[in-house]
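Taken together, the values in this text are just the output of simple stated rules run on the coordinates, not laboratory data. In this text the structure is predicted, and so the values were computed from the model without any measurement. Cβ placement follows ideal geometry from the backbone for every residue including glycine, while neighbour counts extend to all protein chains displayed.
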Amino acid sequence: MTLDPDPTRRQVATALLGFALCAPGLAQAQQANADFWKLLREGGSLLLMRHAQTVPGIGDPPSFKLGNCSTQRNLSEAGREQARRVAAAFLRQGVRPDEVRASAWCRCVETAELAFGRHTVWAPINSFFQQGDNTNQTRQVLQDLQALKAPLNLALVTHQVNISALTGSFTAMGEMLLTRPGQHSDERLKVLARQTF
């Protein structure tokens, strides 16, 4: 075995190989982003957004109260900036949801306000992370969403556990999934596109 005498050439070759391996995934991500805006413009879409980035932690402190933000895990400054990027992206694309519903948790309400400038609290998308059973709550959301028809688009700002129960997919904080009610099987919504901000 001989070593390449030119480390620069070896570094370039390694970088090119890495790019070649990542290119298919990058192309798929770009297509998913393009599909996201295209489908949204067609209407009849449901956006499931996980609240933006929070301060470190999981769930909420044991003594948290819904009416008191100081007792909850809230958005970080990075999360607020992330929610503002959502607002900028929707403005740039010239689209906006016709209705925005949010979980009563402060991190969801603040995300909805920064991203969309409005919200209505909707109890069926409140977190059930510390409660366990979600079957009835998830079923209620699916039933209530069946009435959504084009050209209307609805955004739900909620929690990871709720989104996973509805779709079977994991989302990062601030990520958005696009689905359409009526296109689901096994009591789960089919994810048609996703977008990160």
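Things to note:
Yes/no matrix, rows are residues, columns are (1) touching a Lys or Arg at 6+ places or on another chain (Cβ under 7 Å); (2) over 23 Å from residue 93 (Cα atoms):
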| site | (1), (2) |
| --- | --- |
| 115 | no, no |
| 121 | no, yes |
| 124 | no, yes |
| 148 | no, no |
| 157 | no, no |
| 167 | yes, yes |
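- Within the range 35-88, considering residues that are β-branched (Val, Ile, Thr) and free of Cβ contacts under 8 Å to residues at least 60 places away in the same chain, the one nearest to residue 111 (Cα to Cα): 55
- Top-ranked residue in the range 28-78 [being surrounded by fewer than 13 Cβ atoms within 10 Å (Cβ to Cβ) and among the polar types (S, T, N, Q); ranked as farthest from residue 116 (Cα to Cα)]: 63
- Note on the range 151-161: residues that are farther than 17 Å from residue 110 by Cβ and touching a strand residue (DSSP E or B) at 6+ places or on another chain (Cβ under 9 Å) total 3.
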